[in-house]
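Following: one structure in structure tokens, then a few remarks.
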Amino acid sequence: MVREELEMNNLIQEKERKRNKMRRNLYDEQDEIDRQKQRLFIDMESRLEQKISEQKLFIIKWSVI
């Protein structure tokens with residue numbers, strides 16, 4: 001009876017370690033997603049900034065006769 005309880009206790013501890021590891025992995029992945037989101041927002045913001053430049057495309061000359 002004691003042996004079965006010890007085995008069950010070991011199994012429970014193993015499952016808890018696995019659960020904790022999975023939880024840490026989940027949080028790590030969520031943190032990575034948050035970092036990627038932040039980078040995307042920064043990229044979008046920089047693309048939305050207006051940049052105005054002036055360039056001559058052609059010249060028209062005319063005269064009155």
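Under a model in which nothing but the beta-carbon of Lys, Arg (+1) and Asp, Glu (-1) is charged, the chain shows a dipole of about 400 debye around its Cα centre. Calculated on the Cα set of the chain, radius of gyration then Dmax: 32.4, 117 Å. When the charge dipole of the range 1-61 is built from unit charges on Cβ atoms (+1 for Lys and Arg, -1 for Asp and Glu) and taken about the Cα centre, the candidate among Gln36, Asn9, Ser53 whose Cα reaches farthest toward its positive end is Ser53.
Every read-out reported here was derived from the displayed coordinates using simple, explicitly stated rules and does not represent laboratory data. It should be emphasised that the depicted structure is a prediction, and the values quoted were computed from it without experimental measurement. In this analysis, Cβ positions are derived from the backbone assuming ideal geometry, glycine residues included, and neighbour counts consider all displayed protein chains.
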